[in-house]
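Take a look at the structure set out below.
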Amino acid sequence: MPWRCFNILYNNQKPVRKDNTLVNDKVRFREVRLVGDDGYQYGIISSREANSIALTKGFDLVCVAPGAKPPVCKLMDYSKYRYEQQRKAREAKKHQKVVELKEIRMTAVIDTHDFETKLRNGNKFLSKGNKLKVSVRLPYRFVPALVVQGKELLRQFTEGCIELGELESRIKHDGRYISMVLGPKKK
């Protein structure tokens, strides 16, 4: 079989989010509950009749609640409605706060200055409103005394962060790691 060369084209554009709202002719239910642009209740009518009312009034027929029994449709200017929805979504995105999970790793045998530096960084993360995962890594062949020492280290860390954070998940031992999660204090 001879060698064939295929040209592969990649589309690096952002995917276009499809709008799944049923509008005008796409509303194909047997009967719908129609609400006018001014709030007037037309009642339960066929979707063809609702579409013809929308055409005569100069509005779009938009299905606002397709899951209802019967589906609810409203007469409105669809482009204006869509613009309002996008604006509300942008505003909601502006005001949302993303909480990150920061991690601080230590060993069971740590010097006091190193511990204080880690504690300072942990307090800084908590003051910014981030969650904090503090973990103690144990060596491959660890003795039970190191587990006790690691848990005590995590307790000291919790006491050092008590003003800015609170314990969200208890200290747990999982394989070579002993860890806990601290969250910022709720005001």
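Scanning region 37-77 for residues that are under 35 Å from the mean Cα position of the chain (by Cα) and of a type in the set (Gly, Ala, Ser), which turns out surrounded by the most Cβ atoms within 10 Å (Cβ to Cβ)?
That would be 65.
Can you tell me which of (1) at pLDDT below 85; (2) within 38 Å of the chain's Cα centre (by Cα) is the one residue 1 doesn't meet?
(2)
Give me a count of the residues in region 89-136 that are among the charged types (D, E, K, R) and either assigned by TED's automatic domain parsing to the domain that holds residue 58 or not in a helix (DSSP H, G or I) (or both).
9
The values are calculated or read from the model by the stated rules, or taken from the named source; none is laboratory data. Keep in mind the model is a prediction, meaning the values are calculated, not measured. We place every Cβ from the backbone using ideal geometry, glycine too, and count neighbours over all the protein chains shown.
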